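Visitor: Following this message is one structure expressed as structure tokens.
The values are calculated or read from the model by the stated rules, or taken from the named source; none is laboratory data. Everything numeric in this text was worked out from a predicted model, so none of it was measured. We place every Cβ from the backbone using ideal geometry, glycine too, and count neighbours over all the protein chains shown.
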Amino acid sequence: MRLGSDPEVFLQDKNGKPISSIGYIGADKWAPFQIPDMPEGFTLQEDNVSLEYGIPPCASPDEFVHHIQAVMEKSKEYIKGLTFSKLSCIIFPEDQIQHPSAHVFGCEPDFNAWTKEINPKPRPPHPFMRSAGGHIHVETTVDPIIGVRAMDLCAGVPSTLMDNGEARKQLYGKHGAFRPKPYGFEYRTLSNYWIFDEALIRWVWRATERALQIGDVSAERDYIIQAIDNNDKEVAKMLAKKYDLEVLV
């Protein structure tokens, strides 16, 4: 396998106030900004009010760590005076939600690997609520439906025990969220919580590796959905024990 990612992150000022990324990069998903002095595939773009990174595909966990950390470090040159928030769901101040781009959601549909249907566009319970994902692009010959369901077990379920950003699931992050890709699939359930810690980046690599090896997990469908969608930690612990899933604490 090879892994890529296009994680999103929120910006904040020195007082911790959330700041929209709009206007800092001047690029969007349709024409991302290729970072000068970095190899092709290291990109930045504005996604709603978040800053989104792109990295080229990685063939090893060391490369995966390096790529994510390098693009985050380089991006600091374009957000002078701001820092990264580690929150995956924020209600933004009204003055940061004025631009039309701050109200664009779900430009491209994603799908549910369990129902094989299109997921509905998110409807935030608060008009200024925004969320940030840590999507994983998986280059593999494994069938996407089988692979995404296994990712739910090996990555989505343990994340209910590792990620405190439960509020994001009011918008994104439910079970089986993915997009099919020519090279494999994009797994869209996880938030961005893992991009800030090298140990967690390496955990994502190992969890994906395990998912591609474990095969069909359809027998655990109801438990997997219960754990992920309802943040049911007891069910998550049961599955983690049964399948010897890695959970970092």
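Visitor: So which residues in region 91-112 are aliphatic (A, V, I, L, M) and surrounded by 14 or more Cβ atoms within 10 Å (Cβ to Cβ)?
Guide: Of everything in region 91-112, those that are aliphatic (A, V, I, L, M) and surrounded by 14 or more Cβ atoms within 10 Å (Cβ to Cβ) turn out to be ILE91, ILE97, ALA102.
Visitor: Have a look at ILE118, ILE35, ILE79, ILE97 and point out the one that is touching a Phe, Trp or Tyr at 6+ places or on another chain (Cβ under 9 Å), more than 17 Å from SER191 (Cα to Cα) and without any contact (Cβ under 8 Å) to a residue 12 or more places away in the chain.
Guide: The conditions single out ILE118.
Visitor: What residue, among those in region 12-62 that are basic (Lys, Arg) and at pLDDT 95 or above, is surrounded by the fewest Cβ atoms within 10 Å (Cβ to Cβ)?
Guide: The selected residue is LYS14.
Visitor: Something else now. Return the residues of region 64-80 that are of a type outside the set (Gly, Ala, Ser) and in contact with a strand residue (DSSP E or B) (Cβ under 9 Å, 6 or more places away or on another chain); say none if nothing qualifies.
Guide: Residues satisfying the conditions are PHE64, VAL65, HIS66, HIS67, ILE68, VAL71, MET72, LYS74, LYS76, TYR78, ILE79.
Visitor: Moving on to the next point. Restricting attention to region 206-216, which residues are touching a residue at least 12 places away in the same chain (Cβ under 8 Å) and either on the phi > 0 side of the Ramachandran plot or surrounded by fewer than 20 Cβ atoms within 10 Å (Cβ to Cβ) (or both)?
Guide: Across region 206-216, the qualifying residues are ARG206, GLU209, ARG210, LEU212, ILE214, GLY215, ASP216.
Visitor: Taking the options GLY147, GLY184, name whichever one is farther than 21 Å from PRO122 by Cβ and touching an Asp or Glu at 6+ places or on another chain (Cβ under 6 Å).
Guide: Result: GLY184 is the single residue among GLY147, GLY184 that is farther than 21 Å from PRO122 by Cβ and touching an Asp or Glu at 6+ places or on another chain (Cβ under 6 Å).
Rundown of residues vs (1) part of a helix (DSSP H, G or I); (2) of a type in the set (Val, Ile, Thr), yes/no style:
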residue: VAL138; (1), (2): no, yes
residue: GLY156; (1), (2): yes, no
residue: SER159; (1), (2): yes, no
residue: PRO180; (1), (2): no, no
residue: LEU200; (1), (2): yes, no
residue: LEU212; (1), (2): yes, no
residue: LYS237; (1), (2): yes, no
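Visitor: Now, a different point. Pairs, please: C-beta under 7 Å, at least 6 apart or cross-chain, first residue of a type in the set (A, V, I, L, M) and in region 167-183, second not in a loop (DSSP other than H, G, I, E, B)?
Guide: Taking only residues 6 or more apart or on different chains, the pairs are ALA167/CYS89; LEU171/MET129; LEU171/SER131; ALA177/ASN112.
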